[in-house]
1. Which of 98, 89 comes first, and how do the rest follow, when ranked by fewest Cβ neighbours within 10 Å?
2. Residue by residue through the range 107-117, what is 3J(HN,Hα) from phi via Karplus (6.51 cos²θ - 1.76 cosθ + 1.60, θ = phi - 60°)? Round to whole Hz and write x for glycine and proline.
3. Go through the range 57-70 residue by residue and turn each phi into a ³J(HN,Hα) via Karplus (6.51, -1.76, 1.60, θ = phi - 60°); whole Hz please, and just put x for glycine and proline.
4. Taking the highest mean first, how do the peptides 81-87, 65-71 order by number of other beta carbon atoms within 10 angstrom per residue?
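A short reminder: the numbers here are calculations on the coordinates, not readings from a lab. Just so you know, these numbers come straight off a predicted model, no measurement behind them. Note that we place each Cβ from the backbone using ideal geometry, even for glycine, and neighbour counts take in every protein chain shown.
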Amino acid sequence: MAFEYASFPLFLIVSILLSFLILLLSFFFATQKVDPEKISAYECGFDPFDDSRSRVDIRFYLVAILFIIFDLEVTFLFPWAITLNAQGFLGFFTMIIFLFILTVGFFYEWIKGALDWE
């Protein structure tokens, strides 16, 4: 039984050594000078080295809420889909109601213009 797990320490040592080798090579071969494009505002829309208490556009929060809504939907859909045969009609219609509520919320944000980026 222990012979089956004998290769695990070898794989662990090789992966750790390979990780350190890749990290060390990237440290030596990567450019170390600061690029102004790299420290500019990229996707967040504000200066990354500015005051952390500055106001942020509400659209970023709306996109984050949309992500949480659909992430939550997928989190509930996978276990439901696996156990659908055991759920019966009550489980099926409960999930349909849940999906309907999420769809109504999605259309509400769509009508309000939360998905339109200017």
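1. On the way: 98 15, 89 7.
If I rank by nearby Cβ atoms, fewest first, I get 89, 98.
2. Result, ordered by residue: 5, 4, 5, 5, 5, 6, x, 6, 8, 7, 9 Hz.
3. 4, 5, 5, 5, 5, 5, 5, 5, 5, 4, 4, 5, 4, 6
4. Numbers: 81-87: 10.1, 65-71: 12.0.
Result, highest mean first: 65-71, 81-87.
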